[in-house]
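The values are calculated or read from the model by the stated rules, or taken from the named source; none is laboratory data. These numbers come from a predicted model, not from an experiment. Here the Cβ positions follow ideal geometry from the backbone for every residue, glycine too, while neighbour counts run over all protein chains shown.
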Amino acid sequence: MVVILDKHATEEQIDNVIKHLEGYGFQVHKSVGAEKIILGAIGVKPDFDIRKISILDGVEEVYRVTTPYKLASRSFKEENTVIKIKDVEIGGKKVVMMAGPCSVESEDQIFRLAKVVAEAGAQILRGGAFKPRTSPYSFQGLGEEGLKLMRAAADEYNLLVITEVMQINHIELIEPYTDIFQVGARNMQNFPLLKELGNVKKPVMLKRGIAATIEEWLMSAEYILSGGNPNVILCERGIRTFETYTRNTFDLSAIPVVHKKSHLPVIADPSHATGIRDQVPPMARAAVAAGADGLMIEIHDDPENALSDGPQALYPETFKNLMKELKLIAQAIGRDL
C-alpha cells in the first residue's frame, strides 16, 4: 500500500500516520520526493480497509500496489534513485563506468589495470577476490589478500571499488575494502544473503540471475530494500537461452523496461552477457544508447594468460577507444560519461 501525504503535512501529522500504519501491523518506509512525501506500507493484508488511513490528517491519497515488489516500484518512488558514493553518482545524468579484471591475480596486475581504468576516465575498479566458478578446480580468487591489493590500487588512482560477496560470513570481511557489494547472478535468489545485505550501509549491485525474469530480479532487490538498505543497483548481465553463439543472451530490452517499472539505477555488463571479446564493444555502445546508467567492463593486458574469463576481457587500448565512443553516444542522448 502507498500513502501519499499532502505536501504541507506537518511532522506531527506524518508521525501520526506512521504510528497508525505500524499499529495495523505494516512495515513503513518513507520516501521524500521533490513534490511529495510517500509512505510505503508493507504487509500482506488483502482485507484491510484503506479508508482507515485516508481519513487521517495530512493524507492526500491511499492506494494499493498491485505489483509484488513494493519498494522497488515507481509507485513507491517516482524520482530516479541516485546513489552517491564520494564524488560519484550512480543513476544521475552521468553514465558511470566500472572496469577491471575478472579476478585479482597479483599486486603488479591490479595496479597496472587500475592505472588503465583511471586514465581511460572510469570511476570504479572492479575485480574478484572470491570467485564463484562452475568448476571446483578453477581459480577461486586470492581472498582477503586480493581485497587488500584492490583497495590499495584503487586508492592509488582515486577509484572506487566494487567486488563480489558470495556468502554471509564474508560481508564483515569485505566491507572495509569495498565501496559497493556485488551480488553475482548465481546468488540473485540467495535470500539469506540478500536479507543480510539489507542491513549494511554500503550500496549493493544485484546482478540478474541466469534464467530470472525481470519480476524475479526486482523481487530479489525488494529483499535488500525491505531490510533497510535503499542503495540498490541492478545489473543486466545476460540470460541463458537456447543460443550458443554467445555466452548468454544480452537482454537490452530489460534496461528500458526496468527503468519504467522501477526507480533503481541499471548497470549493463556486456562482458558476461556475450563472453566474447569482439562482441563486448558493440553491446556496450548499445547499452548506453538504451539508457543504461553505467557499464561494467572486464579488461586485462594479458588475457591469454588470465586466470579467469580471459576470452571476454578487453585489451587496455580497446577499452580506451571504447570509452571515447561511449562518450559520443552518451552526449547524443543528453548524458555525460
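The table that follows gives values for the structure above.
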{"quantity": "Test: residue in segment 196-212 that is in contact with a Pro (Cβ under 8 Å, 6 or more places away or on another chain) and either surrounded by fewer than 16 Cβ atoms within 10 Å (Cβ to Cβ) or of a type in the set (V, I, T) (or both)", "calculated": "no"}
{"quantity": "Failed criterion for P265 (all others in (1) surrounded by fewer than 22 Cβ atoms within 10 Å (Cβ to Cβ); (2) in contact with a Ser or Thr (Cβ under 9 Å, 6 or more places away or on another chain); (3) within 20 Å of G92 (Cα to Cα) hold)", "calculated": "(1)"}
{"quantity": "Members of segment 20-58 found to be among the hydrophobic types (A, V, I, L, M, F, W, C), modelled with pLDDT under 85 and assigned to a loop (DSSP other than H, G, I, E, B), listed by number", "calculated": "A34, V44"}
{"quantity": "Matching residues, segment 275-302, being part of a helix (DSSP H, G or I) and crowded, with 24+ Cβ neighbours inside 10 Å", "calculated": "V280, A284, A287, V288"}
{"quantity": "Residue selected from segment 303-329 under the condition out of contact with any helix residue (DSSP H, G or I) (no Cβ under 8 Å at 6 or more places or on another chain) and part of a loop (DSSP other than H, G, I, E, B), by the criterion nearest to A114 (Cα to Cα)", "calculated": "A306"}
{"quantity": "Among residues of segment 263-273, those that are of a type outside the set (A, V, I, L, M, F, W, C) and in a loop (DSSP other than H, G, I, E, B), counted", "calculated": "3"}
{"quantity": "From the options E243, E215, E196, residue that is in the same structural domain as E89 (by TED's automatic domain parsing), closer than 25 Å to K260 by Cβ and among the acidic types (D, E)", "calculated": "E215"}
